[in-house]
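Visitor: The following block contains the structure, expressed as structure tokens.
The values are calculated or read from the model by the stated rules, or taken from the named source; none is laboratory data. Bear in mind the structure is a predicted one, so any value in this text is a computation, not a measurement. Cβ placement follows ideal geometry from the backbone for every residue including glycine, while neighbour counts extend to all protein chains displayed.
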Amino acid sequence: MNNTINWKGWLAILIAISLGAATFMAYPRLESDPPRIVGPAELSIGEAGTTLTLQFIDEGTGLRNLQLRMVHSGGGQVVFEESFPGAMFSGGNPGKTHEVSVDLEPRALRIADGPATLIVTARDFSLQNLGEGNRSEVSIRINVDTKAPRVEAGGGLIYIYRGGAAAATYNVSEATASDGVRVGDRLYPGYPAPNTAPEAGKRVAFFAVAVNAPRNPKIEYEATDAAGNVGRANLRAKVFERNFSEERLYLSDKFFDRVVPPLAESVGVSAPTNVAAFQQINSEVRAKNEERIQSLIENSDPVKHWTKSFTQFANSKVMSRFAEQRRYFTEGNEISQATHYGFDLASHAKASIGAANRGRVVFAGDLGIYGNCVLVDHGMGLTSLYAHLTEITVAADQFVERNQSVGTSGATGLAGGDHLHFAILIGGTYVDPLEWWDANWIKSHVDARLQASH
């Protein structure tokens, strides 16, 4: 019996080995997991268009191709497509996230206002489906809206002082993503007018002309819808200019020895001298504290918590006024400057401090240069600040009534003696508390406009 394998046998063995090797090498391309598509479920597109960003990931054999097709009442068209190179056995580039950004402009795409659908598909290099690969498809709901909200001004001419506040009423024609009064580059948010349904479109915004705002700032109503369309209307306002006093503060060695070192340690300031530490605290730390305050008060409650006028610290003496331009000296040399955005009020040591009006406590704790500090949100963008307290008697998220104790006066933080630093902010801008302490001003500048908005 001849056991020798002839050429046909060797050929069969070679073919079998080749097929086995090919199968082994091609096996990874038999995976059945489709590509993943990451993007929004819905999108609004305004007149200016928008940029849509999508991510495509295929962990198995890599992306082969992808396509974005817009379907709308006027038909449909491919708005983007891309193909990727691949090899016979290894496929494409698996595991890599591919990001695509596409500009979608209604005018360029000739899409009318209304609903549309963006169909996103992706295929990989798998050998599944007769070599066509695994396929993924997602549909993104599109709302095309190229019409800006209409804004209708309410009331008449508004009078406002530099460093002061005002209330403005207006109507919007549709639901908005944001609206309010813009003063220069700052938008003061609007809120539903009291005693009106949000869908009625009646709005109120409290706004300010900041101490450092340019002369004759541009003031206008503004409303932006979900699609990014912006509607504007002129706000008739008369801005009265003011001059703010300058105060020279001569700091003693006692101040530098007693106040600066413990504060520097608590805020993480290291400097070669107490004077240098003070300079860093009064500039860098002050700026960080102001940023923190902005973040703490940016989401004001959309309802009006306060009633009547705001109350001043009882039986207190005014030690320093709003917006004083402070210059600090030691040994005859000017070493720092700052604007004092509040009132310094003093009575006896550790005097009880009452809330200026009803509101919700949004912060109660240490706040750098302000020491032990309490922030009360009175709603609709209005906040009061109580600083340098010895003791705090409230907690965050607690509601306080008008004149309810929030703490006791003190000299914590950057303070030379026992007193209360009191401030009022509108939409994050410091304003003169004198207005809010004045019952006649509240009646004529706030209540009258709120009543007219009903």
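Visitor: Report, by residue number, each residue of segment 110-138 that is farther than 11 Å from ASP58 by Cα and small (Gly, Ala, Ser).
Guide: The answer is ALA112, GLY114, ALA116, GLY131, GLY133.
Visitor: Right, something else. How many residues, within segment 85-96, are in a loop (DSSP other than H, G, I, E, B), of a type outside the set (Phe, Trp, Tyr) and surrounded by 11 or more Cβ atoms within 10 Å (Cβ to Cβ)?
Guide: 6
Visitor: Given the criterion farther than 27 Å from ASP447 by Cα, among the aliphatic types (A, V, I, L, M), more than 27 Å from the chain's Cα centre (by Cα) and crowded, with 19+ Cβ neighbours inside 10 Å, identify the matching residue among ALA276, ALA351, ALA346.
Guide: Criteria check complete, one pass: ALA351.
Residue-wise test of (1) among the small types (Gly, Ala, Ser); (2) at pLDDT 90 or above; (3) in the same structural domain as ILE45 (by TED's automatic domain parsing).
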site: ASP103; (1), (2), (3): no, yes, yes
site: PRO106; (1), (2), (3): no, yes, yes
site: ALA112; (1), (2), (3): yes, yes, yes
site: LEU127; (1), (2), (3): no, no, yes
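Visitor: Does PRO262 qualify as being in a loop (DSSP other than H, G, I, E, B) and either within 25 Å of ARG321 (Cβ to Cβ) or not assigned by TED's automatic domain parsing to the domain that holds GLU47 (or both)?
Guide: no
Visitor: Of the residues ALA167, ALA177, only one is within 20 Å of GLU298 (Cβ to Cβ) and touching a helix residue (DSSP H, G or I) at 6+ places or on another chain (Cβ under 6 Å); which?
Guide: The unique qualifying residue is ALA167.
Visitor: Listed residues THR311, THR339; which is assigned to a loop (DSSP other than H, G, I, E, B), out of contact with any Cys (no Cβ under 9 Å at 6 or more places or on another chain) and surrounded by fewer than 19 Cβ atoms within 10 Å (Cβ to Cβ)?
Guide: Going through THR311, THR339 in turn, just one is assigned to a loop (DSSP other than H, G, I, E, B), out of contact with any Cys (no Cβ under 9 Å at 6 or more places or on another chain) and surrounded by fewer than 19 Cβ atoms within 10 Å (Cβ to Cβ): THR311.
Conditions tested, residue by residue: (1) in the same structural domain as ILE335 (by TED's automatic domain parsing); (2) free of Cβ contacts under 8 Å to residues at least 24 places away in the same chain; (3) farther than 21 Å from GLY428 by Cβ.
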residue: GLY184; (1), (2), (3): no, no, no
residue: GLY201; (1), (2), (3): no, no, yes
residue: PHE207; (1), (2), (3): no, no, no
residue: ALA213; (1), (2), (3): no, no, no
residue: ALA223; (1), (2), (3): no, no, no
residue: GLY228; (1), (2), (3): no, no, yes
residue: LYS254; (1), (2), (3): yes, yes, yes
residue: ARG258; (1), (2), (3): yes, yes, yes
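Visitor: Now a separate question. Does GLY156 count as modelled with pLDDT under 95, farther than 30 Å from GLU31 by Cα and not in a strand (DSSP E or B)?
Guide: Spelling it out, GLY156 is indeed modelled with pLDDT under 95, farther than 30 Å from GLU31 by Cα and not in a strand (DSSP E or B).
Visitor: Quick check on ARG248: is it farther than 29 Å from HIS445 by Cα and touching a Lys or Arg at 6+ places or on another chain (Cβ under 8 Å)?
Guide: For ARG248, the condition - farther than 29 Å from HIS445 by Cα and touching a Lys or Arg at 6+ places or on another chain (Cβ under 8 Å) - is met.
Visitor: OK, next. List pairs: first in segment 148-165 and free of Cβ contacts under 8 Å to residues at least 24 places away in the same chain and crowded, with 20+ Cβ neighbours inside 10 Å, second outside any loop (DSSP other than H, G, I, E, B) and of a type in the set (A, V, I, L, M), Cβ under 9 Å, 6+ apart or cross-chain?
Guide: That search, which allows pairs on different chains as well, returns nothing.
Visitor: List the pairs whose first member sits in segment 41-65 and is free of Cβ contacts under 8 Å to residues at least 40 places away in the same chain, whose second member is not in a strand (DSSP E or B), and whose Cβ atoms are under 9 Å apart, counting only residues at least 6 apart or on separate chains?
Guide: Note: pairs meeting the criteria are GLU59/GLU31; GLU59/ASP33; GLU59/PRO35; GLU59/PRO94; GLU59/GLY95.
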